[in-house]
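Trainee: The following block contains the structure, expressed as structure tokens.
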Amino acid sequence: MRQFFGIFGNLSEVTVGSSKPLAGLLLEILPPLPAFLEEYEQLLAMITACGIFVGVVPLIPLVLVLAERKVSAFIQDRTGPMRVGPWGILQTLADGVKLLFKEDLIPPYGDRVLFRLAPYIIVCFSLAAFVAIPFGAIDLGDERYVFIVSNLNIGIFYILAVSSVIVIGIIMAGWASNSKWSLLGSLRSAAQMVSYEIPVGLSILSVIMVVQTLNMQGIVDQQDGGLHSWLIFRTPFSFIAFFVFFISAIAEVNRTPFDLPEAESELVAGFHTEYSGMRFALFFIAEYANMFAVCAIAVTLFLGGWQGVLPGIDILGGLPGFVFKTLFLVFVMMWIRWTLPRLRVDQLMNLCWKYLIPVSFFNILGVGIWMLIFGADTMDMKSLGPSLVVIVIAVFILLKQVFKGVSGTKRETTPVPSS
Amino acid sequence: MATEESKFIEVQPFSDEMVLSMGPQHPSTHGVLKLELRLDGEIVREAIPHIGYLHRCFEKHAENLSYPQIIPFTDRMDYISAMNQNWGFCLAVEKMMAADEKFSGVPERAEYLRVLVGELNRIASHLLSFGTYGMDIGAFTPFLYAFRDREEILLLFEEICGARLTYNYIRIGGVSRDMPPNWLDHVKNFIDYFEPKVDEYNTLLTENKIFIARTVKVAVLDEDMAINYGITGPNLRGAGKKWDLRKDEPYSIYDRFDFDVPIGHDIPRIGAVLGDCWNRYKVRMDEMKESVRIIRQILNQKIPEGPIMAQYKAVRPPAGEIFDRSEAPRGELGFYIVSDGSVKPVRLKAKSPCFTALSALQELSKGLMVADIIAIIGSIDIVMGEIDR
């Protein structure tokens, strides 16, 4: 029972190991400040660290928007944007400039205050999630400096909290637009995001039971030592939890097959139908920042965070590895988006309440039992061995089922004739 | 008449229902259809289609034009399958002209060319239907795949008649011009390329679990209802009725070709029932294969040499009236022509298959969800240009 209640023990701890956030690193590496500023150096370092994130994080959507267009072009046998810059790499920038200069329209009879407020709320809370994500770490002396703005001891809890505020922004946008399409879209979105937060939370809980900490860096620390120590392999149930989390994450960021809130063919554009110009761009930034954030959380919780595939090899503090893993998950999201149709609203709710939530509860039970039997809270072969065996068998059976249907459909593609 | 006019939905005060105006500018009403929806949350209590946004007075125009001048107007009815629209009109006029001694009848070579372009256009039309249906359901990629392949057909048409959308190719008594050299090779290249693609699309979209969940058992249009509404074409065949004018009342030279008429089926494996959206959609996928079969037979047979245009003095059908129909990709396209023996028709009426199909929407959509309305509109495959004319 101690293991179960250990979670709450950690909540009260203020210091988290010997890890120091980015501000600490800045204090180490930057030249000393003039004397009159010395008493503010902690504050200045913190502000600088925040500045770095605020400067860098909005660039992520810029890259992802282009990546999405290129990935979709690749999937759909097109070239994608090719005009602005070499291979169109400046296209997003050009679009951004275009949106910036567009007329600022607010629909008549809409709620002007809420209409203006909504995009900022959505963007702020999307970016706020990045505060607690560890992007990497380097060891200087006997201290470990983590690339994280704030090494909160309730990191994952904080992320869950701020990401649920986004839904308020969406409802605001839908309501303030004074458009029935926007309203329908935002209500769909509210229902969807509130529902899908439950499987997300429950699958995170099954990880927390194993690692016994809510601190994001603490979770990554426990996955030290190579591929096999990643939490996804720690118990068979965390393997399931990863997929539950990923599916729910797709739903939470409103992407196909769960993109009902902005279902173009049904609701025109959903909650942002009436938005144009820079406000629309803010929604776009928020959407892609969110996408990156949930993938980064999935990587942190399940795929070893910034820890490398092999033990002891952390290039540049693990940052490139972390970004690569996250971008791979983002790519999978795009791949899914450009392949699958969209679910209907009742089917979406069915999937959540009838399948994902029961499976998540089953996971928590399973993780508990697994920990009692094998002691999965410490990384050793005693617990890992059986887990890997179960996972391999399960994946084998699953793949056999999946490929049973398509075994006979061998196709070859012929090139398009040039007539 | 007063009740007839007040066909707009009355908003009930203090009710939880919402009246939503879907269209005429809406991404998936396939043009300029306007639907007035009475919604209870997401559930549709009533859906009233409003048409006429693309009305261009085709029938009135036709009364002031000579018969050959009307053909370009038929292009603009169902612009997705303009060849078949040209053909339908020309068939009716030719049938009237048959009484004229100076009219020598449509030459063999022209008949072959007509079947060739007609079936190619049927593939192009069904491809567009398949692509946009995928997009309605939320899958964007099939749309671009369909357009990629449709583009090849448009290039073929561009070669043979110079136009890509409004062809004005099939004329009264024949076709406007002979095919360019090597055109048949290009057709063959396309057919060889396209045939395996249909299977690929079936794996991509038709058999997709989400697509099946969205379309199976949705908006069941059974055979009785279809016949009562006068619905024809793939929508009728999807309800299980084996009725295709090309087979049952063969016109042109369709009796020379061997092809099947695909119909819908109850498929317990995926739960599909006769006449649901999935079956209507599947019939179109199967019809593309049958069109490929017909084109292959033409390519294998030798197309006779000879003229491509009938001999006649002027298009002056003898006085009288006629109703003639042909199998366009969206169903039976009928033309009713009244002639007084002059060069212009006294009255021309087009019977549009899309119009009858759309008329069933109101009954089909009751109690379904907003997303299902989109699925229905896509599955009955309407083109507003033909409905409004």
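Trainee: Give the range B:366-376 a look and list any residue that's more than 10 Å from chain A (Cβ to nearest Cβ) and modelled with pLDDT of 85 or more, or say none.
Mentor: Once the filter is applied, which keeps residues that are more than 10 Å from chain A (Cβ to nearest Cβ) and modelled with pLDDT of 85 or more, the range B:366-376 yields only B:376.
Trainee: Moving on to the next point. Does residue A:276 satisfy being hydroxyl-bearing (Ser, Thr, Tyr), surrounded by fewer than 22 Cβ atoms within 10 Å (Cβ to Cβ) and more than 14 Å from chain B (Cβ to nearest Cβ)?
Mentor: The answer is yes for residue A:276.
Trainee: Among the candidates B:280, B:389, B:325, which residue alone is away from chain A (no Cβ under 14 Å) and out of contact with any helix residue (DSSP H, G or I) (no Cβ under 6 Å at 6 or more places or on another chain)?
Mentor: Result of the check over B:280, B:389, B:325: B:325.
Trainee: When the residues of the range A:315-326 are filtered to those that are at pLDDT 85 or above and in contact with a helix residue (DSSP H, G or I) (Cβ under 8 Å, 6 or more places away or on another chain), which remaining residue is nearest to the other protein chains (Cβ to nearest Cβ)?
Mentor: Among residues in the range A:315-326 that are at pLDDT 85 or above and in contact with a helix residue (DSSP H, G or I) (Cβ under 8 Å, 6 or more places away or on another chain), the one nearest to the other protein chains (Cβ to nearest Cβ) is A:326.
Trainee: Does any residue of the range A:162-170 turn out to be more than 14 Å from every other protein chain (Cβ to nearest Cβ), surrounded by 23 or more Cβ atoms within 10 Å (Cβ to Cβ) and farther than 30 Å from residue A:109 by Cα?
Mentor: no
Trainee: What is the one condition in (1) closer than 23 Å to residue B:32 by Cα; (2) within 14 Å of another protein chain (Cβ to nearest Cβ) that residue B:129 does not satisfy?
Mentor: (2)
Residue-wise test of (1) hydroxyl-bearing (Ser, Thr, Tyr); (2) touching a Leu at 6+ places or on another chain (Cβ under 8 Å).
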position: B:247; (1), (2): no, no
position: B:252; (1), (2): yes, yes
position: B:275; (1), (2): no, yes
position: B:299; (1), (2): no, yes
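Trainee: Answer yes or no: is there a residue in the range B:298-318 that is more than 17 Å from the chain's Cα centre (by Cα), assigned to a strand (DSSP E or B), among the polar types (S, T, N, Q) and over 17 Å from residue B:87 (Cβ atoms).
Mentor: No, there is no match, as no residue in the range B:298-318 is more than 17 Å from the chain's Cα centre (by Cα), assigned to a strand (DSSP E or B), among the polar types (S, T, N, Q) and over 17 Å from residue B:87 (Cβ atoms).
Trainee: Further, regarding this structure: Restricting to the range B:245-277, name every residue that is β-branched (Val, Ile, Thr) and over 30 Å from residue B:111 (Cβ atoms).
Mentor: Passing the criteria: B:267, B:270, B:273.
Trainee: Go through the range B:326-381 residue by residue and tally those that are within 20 Å of residue B:86 (Cβ to Cβ) and over 24 Å from the mean Cα position of the chain (by Cα).
Mentor: 4
Trainee: While we're here: So, of the residues in the range B:24-44 that are within 13 Å of chain A (Cβ to nearest Cβ) and in a strand (DSSP E or B), which turns out to be surrounded by the fewest Cβ atoms within 10 Å (Cβ to Cβ)?
Mentor: B:40
Trainee: Restricting the range A:67-121 to residues that are within 14 Å of chain B (Cβ to nearest Cβ) and among the aliphatic types (A, V, I, L, M), which is nearest to the chain's Cα centre (by Cα)? Let's see the steps before the verdict.
Mentor: Taking the range A:67-121 as the starting set, the residues that turn out to be within 14 Å of chain B (Cβ to nearest Cβ) are A:68-69, A:71-80.
Right, trim to among the aliphatic types (A, V, I, L, M) and you get A:71, A:73, A:75.
On the way: A:71: 19, A:73: 23, A:75: 23 Å.
The qualifying residue nearest to the chain's Cα centre (by Cα) is A:71.
Trainee: Only one of A:162, A:211, A:167 is within 29 Å of residue B:17 (Cβ to Cβ), of a type in the set (Val, Ile, Thr) and out of contact with any Pro (no Cβ under 7 Å at 6 or more places or on another chain). Can you tell me which?
Mentor: A:167
Trainee: Looking only at the range B:334-361, which residues are of a type outside the set (A, V, I, L, M) and in contact with a Pro (Cβ under 7 Å, 6 or more places away or on another chain)?
Mentor: B:339, B:341
Trainee: Could you say which residue among B:47, B:82, B:92, B:62 is in a strand (DSSP E or B) and either surrounded by 23 or more Cβ atoms within 10 Å (Cβ to Cβ) or within 18 Å of the chain's Cα centre (by Cα) (or both)?
Mentor: B:47
This table checks each residue for (1) in the same structural domain as residue A:130 (by TED's automatic domain parsing); (2) surrounded by fewer than 17 Cβ atoms within 10 Å (Cβ to Cβ); (3) touching a helix residue (DSSP H, G or I) at 6+ places or on another chain (Cβ under 7 Å); (4) among the hydroxyl-bearing types (Ser, Thr, Tyr).
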| residue | (1), (2), (3), (4) |
| --- | --- |
| A:45 | no, no, yes, no |
| A:48 | no, yes, yes, yes |
| A:65 | no, no, yes, no |
| A:68 | no, no, yes, no |
| A:73 | no, no, no, no |
| A:83 | no, yes, no, no |
| A:87 | no, yes, no, no |
| A:95 | no, no, no, no |
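Trainee: I've got another one for you. Check residue A:151 against each of (1) in a helix (DSSP H, G or I); (2) buried (at least 20 other Cβ atoms within 10 Å of the Cβ) and name the one condition it does not meet.
Mentor: Exception for residue A:151: condition (1).
Trainee: I need a count of the residues in the range B:319-358 that are part of a strand (DSSP E or B), touching a Leu at 6+ places or on another chain (Cβ under 8 Å) and more than 26 Å from residue B:253 (Cβ to Cβ).
Mentor: 1
The values are calculated or read from the model by the stated rules, or taken from the named source; none is laboratory data. Just so you know, these numbers come straight off a predicted model, no measurement behind them. Cβ sites come from the backbone with ideal geometry, for glycine too, and all protein chains shown count toward neighbours.
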